[in-house]
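Accompanying notes for the structure given below.
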Amino acid sequence: MKQIKTVFLKDTGISGEEKTDDFFSVFLGKLKEKDLQKSVQLAKTEFVGIYDKGIVVKTWPTEAVYCNVTEDDIDTIINQTLIKGKVIDELLYHEKSRPSRIVLRNCGRIDPENIREYIANRGYSGLQKMLSSMSPDEVIGELKKSKLRGRGGGGFPTWLKWDLTKKAQADEKFVICNGDEGDPGAYMDRSILEGDPHSIIEGMIICGFASGANQGYAYIRAEYPLTIERVEGAIKEAYEHNLLGDNILGSGFSFHIGIRLGAGAFVCGEETALIASIEGKRGNPRPRPPYPSVKGLWGKPTTINNVETLANIPIILDKGGDWFAGIGTDESTGTKVFALTGNVKNSGLIEVPMGTTLRQIIYDIGGGVSSGKNFKAVQTGGPSGGVIPSKYLDTRVDYESLQKLGSIMGSGGMIVMDETDCMVDVARFYLRFCVDESCGKCAPCRIGGFQMLSLLSGITKGICDDDCINKLELISQAMANASLCGLGQTAPNPVISTLKYFKEEYLAHIQEKTCPAGKCPDLLNYTIIQDKCTRCSLCFKKCPVNAITGSREEGFFIDHEKCIKCGDCYEVCRFKAIEKK
């Protein structure tokens, strides 16, 4: 069968979807002119791992990556690369050290809706190897060699979780893929499921074989319609090719996968709450032990892994555990996918080897702080994580190093903040999220979270005294020690870490009634500096409550009693004549 070549397009600039559509149409038109539309597949993609390089074109099987491509370059790409198979040096993308791609190895490289492209890129090779020559113990042994740890945030050894399920005695066992991604700003799991769904299916089948399960469930957020569509399509394709179902590839092993949709509750990311949700119950966590590996779905032994963990499994089995263990650090092996967002120039999905420093991620890959202001902190681990200040920028990103700083790896959220971000307000934002998402089952989380949120709100309004800090610390300890599940136990982390590294900001709010970052409205006053004011009247026209009075002849003044501190006047002033403090 004749090989169909593929061209992937992605606009990594800021020109928008319209420019990409025009480029796509011109490229397609050129292919038709040369009667190549049947032998060359043209597709848009979201995953290229390159930023700020205009339109990027990736060709397959040539594996050429071209950046800053214009419509004038299309003929050259078609004639030289697609027809003759030659690489165009002038357009070729060069990078000192390209990030390792293990989890995202197929994202942006294959059509996620075509199982043949996955298979052509060694997809299901690990499964075939396992079914033809390995025992469950040998599979778990390879995972043990790899030292793969759970990528959902806990970092529990994957091989041990599988082994516990395998050794549990039961007439039925289950495998669950946890795709309930709920962290603010996180989209790692969604991207993997949409860009390479077959890797998750293959990982689940391998897990089922190793742990003794014949039924799996992919638990996916209902808010991800494209994800659901892609996974459903991939499952259907796998059944059609005898990679799912009874007697897979004639091996005698059977495995089935169904999809269950999450109803949007953050707490259902916790494994026991997720299990309750699949069973049709309210998504409340339960005490552990017994752990799901021993007593999980419908009381049967159940292995639960998150999406990124499962995406690593096929390539580990294909290339071996020792190969995987050679990447990263001694205790944190492999790579980690992060959603790099916030005040950073090159926001997006990245994959880096474990042990990469925060400085390398934020500055070498992220391009530094987008506002041009000083870097202040980075939040890792989502609502359950902590903030890490600038003095620890050279910290290696691995489980142990982040824990020492009072943060966690989490599922992979990483939010960059600059000097205009208020750490008290950041802590309040994450705590409000945890309070809203608490299931309310246990008092430490339900009551403690609300009390901490009330204290933080009081601090941002300047109505708390020094004892507020002591109360925050006491409640944090109580929640961490007594909450039923991980949500309540880790909810105080943003407060604990901001108090540890930015206590002076808390004291400024409490004692001086000021917000050093200029973020908390109740502690701000706007004043017009008469010497700088050009009397252009823009602030006068912009004020929504008529708190600015005066005229071009007399000058303009702000009535602090009427001012609602919206900041519109400050933003509109072109001459830095309005001061906020």
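The values are calculated or read from the model by the stated rules, or taken from the named source; none is laboratory data. As the structure is a computational prediction, the values presented were derived from the model and not from experiment. Positions of Cβ are backbone-derived with ideal geometry, glycine not excepted, and every protein chain shown enters the neighbour counts.
Figures for the structure shown
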{"quantity": "Extreme residue, surrounded by the fewest Cβ atoms within 10 Å (Cβ to Cβ), among residues of region 269-302 that are under 16 Å from Ile220 (Cα atoms) and among the hydroxyl-bearing types (Ser, Thr, Tyr)", "calculated": "Ser277"}
{"quantity": "Residue in region 133-150 that is outside any loop (DSSP other than H, G, I, E, B), within 30 Å of Thr6 (Cβ to Cβ) and in the same structural domain as Ile304 (by TED's automatic domain parsing) present", "calculated": "no"}
{"quantity": "Hits in region 171-187 - residues which are touching a helix residue (DSSP H, G or I) at 6+ places or on another chain (Cβ under 6 Å) and among the aromatic types (Phe, Trp, Tyr)", "calculated": "Phe174"}
{"quantity": "Verdict on Val424 being at pLDDT 95 or above, buried (at least 24 other Cβ atoms within 10 Å of the Cβ) and under 29 Å from Lys10 (Cα atoms)", "calculated": "no"}
{"quantity": "Hits in region 439-454 (condition: under 17 Å from Asn481 (Cβ atoms) and surrounded by fewer than 22 Cβ atoms within 10 Å (Cβ to Cβ))", "calculated": "Lys441, Cys442, Ala443, Pro444, Arg446, Ile447, Gln451"}
{"quantity": "Subset of region 456-475 [among the hydrophobic types (A, V, I, L, M, F, W, C) and assigned to a helix (DSSP H, G or I)]", "calculated": "Leu456, Ile459, Cys468, Ile469, Leu472, Leu474, Ile475"}
{"quantity": "So Thr81, is it at pLDDT below 90, crowded, with 18+ Cβ neighbours inside 10 Å, among the β-branched types (Val, Ile, Thr) and more than 25 Å from the chain's Cα centre (by Cα)", "calculated": "no"}
{"quantity": "Matching residues, region 409-446, being among the charged types (D, E, K, R) and farther than 30 Å from Met354 by Cβ", "calculated": "Asp425, Arg428, Arg432, Asp436, Lys441, Arg446"}
{"quantity": "Among residues of region 181-195, those that are more than 21 Å from Ala273 (Cβ to Cβ) and part of a helix (DSSP H, G or I), counted", "calculated": "4"}
{"quantity": "Flag for Asp418 being among the acidic types (Asp, Glu) and under 16 Å from Met452 (Cα atoms)", "calculated": "no"}
{"quantity": "Qualifying strands (runs of 3 or more DSSP E) (wholly inside region 476-581; at least 3 residues being closer than 28 Å to Phe429 by Cβ)", "calculated": "578-580"}
{"quantity": "Number of positions in region 128-158 that are among the charged types (D, E, K, R) and either crowded, with 22+ Cβ neighbours inside 10 Å or within 22 Å of Tyr219 (Cα to Cα) (or both)", "calculated": "3"}
{"quantity": "Matching option when the condition is assigned to a strand (DSSP E or B), at pLDDT below 85 and on the phi < 0 side of the Ramachandran plot, among Lys10, Lys53, Lys58, Lys19", "calculated": "Lys10"}
{"quantity": "Candidate set from region 295-332 (those that are at pLDDT 95 or above and β-branched (Val, Ile, Thr)); member that is farthest from Ile102 (Cα to Cα)", "calculated": "Thr302"}
{"quantity": "Residue match in region 102-113 (condition: among the hydrophobic types (A, V, I, L, M, F, W, C), assigned by TED's automatic domain parsing to the domain that holds Lys295 and within 13 Å of Pro314 (Cα to Cα))", "calculated": "no"}
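For every residue, the table says whether it meets (1) surrounded by fewer than 18 Cβ atoms within 10 Å (Cβ to Cβ); (2) in the same structural domain as Ile388 (by TED's automatic domain parsing); (3) closer than 30 Å to Met409 by Cα; (4) modelled with pLDDT under 95.
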site	(1), (2), (3), (4)
Ala480	yes, no, yes, yes
Ser483	no, no, yes, yes
Asp531	yes, no, no, yes
Glu553	yes, no, no, yes
His560	yes, no, no, yes
Glu571	yes, no, no, yes
